[in-house]
Amino acid sequence: MSSGVAGAGEWEPEAGNWVRWARTPGHDAYWYYRHAFFGDLVPAAGRRTLEIGCGEGRVARDLAAAGHRVVAVDTSASLLRQARHDGGGIAYVLADGAALPLPDASFDMVVAYNSLQVVRDMPATVREAARVLDMAGKLCICVSHPVTDLGRFHGDADDADFVLRPRYFETERVQDTVERDGLTMTFRGWTYPLEAYWSAMADAGLQVEAVREPRPVDAPARYRRYERLPMFMNLRAVKAHSR
């Protein structure tokens, strides 16, 4: 999970932990999956790009490095302060993804990297993304894959069995505390079946045009199991009409 716009202030207690977690090189999955997202899914920079759920700013910085003119929003004031400290010509705004203080049709691209499963209201956030997009604008997302997000590996072996939970179709609250290499982070969000994302896109006037299930690149051994099961789903949708 990258960063998020959860309920207002929900990530504040974890802000310091997230900065350390996200900014330790090679520490989490972002380092081994970002090339697939930016290289295979995100179009070339256009007029303006909005990132929803920017956290401490690593996705926004990668977008800016690729030539995008970026506006980035999050509900965590602490994370936004850290992001602003790094500069980079990025405009950071304290805002909820489901109520963007931005004009209609003011962007030609919206990016939500591992934030749609974290926001308080996923369908409303997708509708807001569509509202601020130009006609034919693109929404590019990465989410925890709905298959592996809804189950568990039984054991630590590379070939450990993976078992889905019994209620795939229900949206459930998630709160997981992870400790790794001396760092601790509590991730909060919701699980969604595949249909929930597709329905949110369709209801917002978006048509899905690309779906990718990336595999880790040059990753340490702990990611070997994700060469046979997907950790993330990348998706690009185009604004086909207004709602």
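When you go through 171, 177, 148, 125 one by one, which is the residue that is among the hydroxyl-bearing types (Ser, Thr, Tyr) and free of Cβ contacts under 8 Å to residues at least 12 places away in the same chain?
It is 177.
Give me the residue from the stretch 161-189 that is aromatic (Phe, Trp, Tyr) and farther than 22 Å from residue 28 by Cα and, out of that set, surrounded by the most Cβ atoms within 10 Å (Cβ to Cβ).
Step by step, filter the stretch 161-189, then rank; the result is 168.
Across the stretch 36-64, what is the total count of residues that are touching a residue at least 12 places away in the same chain (Cβ under 8 Å) and part of a helix (DSSP H, G or I)?
Of the residues in the stretch 36-64, 11 are touching a residue at least 12 places away in the same chain (Cβ under 8 Å) and part of a helix (DSSP H, G or I).
Regarding residue 211, is this residue under 21 Å from the mean Cα position of the chain (by Cα), closer than 23 Å to residue 112 by Cβ, at pLDDT below 90 and not acidic (Asp, Glu)?
no
Quick one: residue 225 ticks every box in (1) crowded, with 17+ Cβ neighbours inside 10 Å; (2) assigned to a strand (DSSP E or B); (3) among the basic types (Lys, Arg) except a single one, so which number is it?
All conditions pass for residue 225, except number (2).
For the stretch 183-207, give me the residue count where each residue is modelled with pLDDT of 95 or more and either aromatic (Phe, Trp, Tyr) or at positive phi (or both).
Total satisfying the criteria: 3.
Determine whether residue 82 is assigned to a helix (DSSP H, G or I), under 22 Å from residue 15 (Cα atoms), in contact with a helix residue (DSSP H, G or I) (Cβ under 8 Å, 6 or more places away or on another chain) and not acidic (Asp, Glu).
Answer is yes for this residue.
Looking only at the stretch 87-111, filter to residues that are surrounded by 14 or more Cβ atoms within 10 Å (Cβ to Cβ) and acidic (Asp, Glu); which one of those is nearest to the chain's Cα centre (by Cα)?
Top of the filtered list is 96.
Quick one: is residue 223 touching a Phe, Trp or Tyr at 6+ places or on another chain (Cβ under 9 Å) and either touching a residue at least 24 places away in the same chain (Cβ under 8 Å) or not β-branched (Val, Ile, Thr) (or both)?
Considered against the rule, which asks whether it is touching a Phe, Trp or Tyr at 6+ places or on another chain (Cβ under 9 Å) and either touching a residue at least 24 places away in the same chain (Cβ under 8 Å) or not β-branched (Val, Ile, Thr) (or both), residue 223 comes out as yes.
Can you name the number of the only condition in (1) under 28 Å from residue 203 (Cα atoms); (2) of a type outside the set (Val, Ile, Thr); (3) in contact with a Phe, Trp or Tyr (Cβ under 8 Å, 6 or more places away or on another chain) that residue 107 fails?
Checking residue 107 against (1) under 28 Å from residue 203 (Cα atoms); (2) of a type outside the set (Val, Ile, Thr); (3) in contact with a Phe, Trp or Tyr (Cβ under 8 Å, 6 or more places away or on another chain), the one that fails is (3).
Tell me which residues, restricted to the stretch 39-70, are out of contact with any Ser or Thr (no Cβ under 7 Å at 6 or more places or on another chain), under 20 Å from residue 24 (Cα atoms) and buried (at least 24 other Cβ atoms within 10 Å of the Cβ).
Answer for the stretch 39-70, where residues must be out of contact with any Ser or Thr (no Cβ under 7 Å at 6 or more places or on another chain), under 20 Å from residue 24 (Cα atoms) and buried (at least 24 other Cβ atoms within 10 Å of the Cβ): 57, 60.
The values are calculated or read from the model by the stated rules, or taken from the named source; none is laboratory data. It should be emphasised that the depicted structure is a prediction, and the values quoted were computed from it without experimental measurement. FYI the Cβ positions are ideal-geometry reconstructions off the backbone, even for glycines, and counts take in every protein chain you see.
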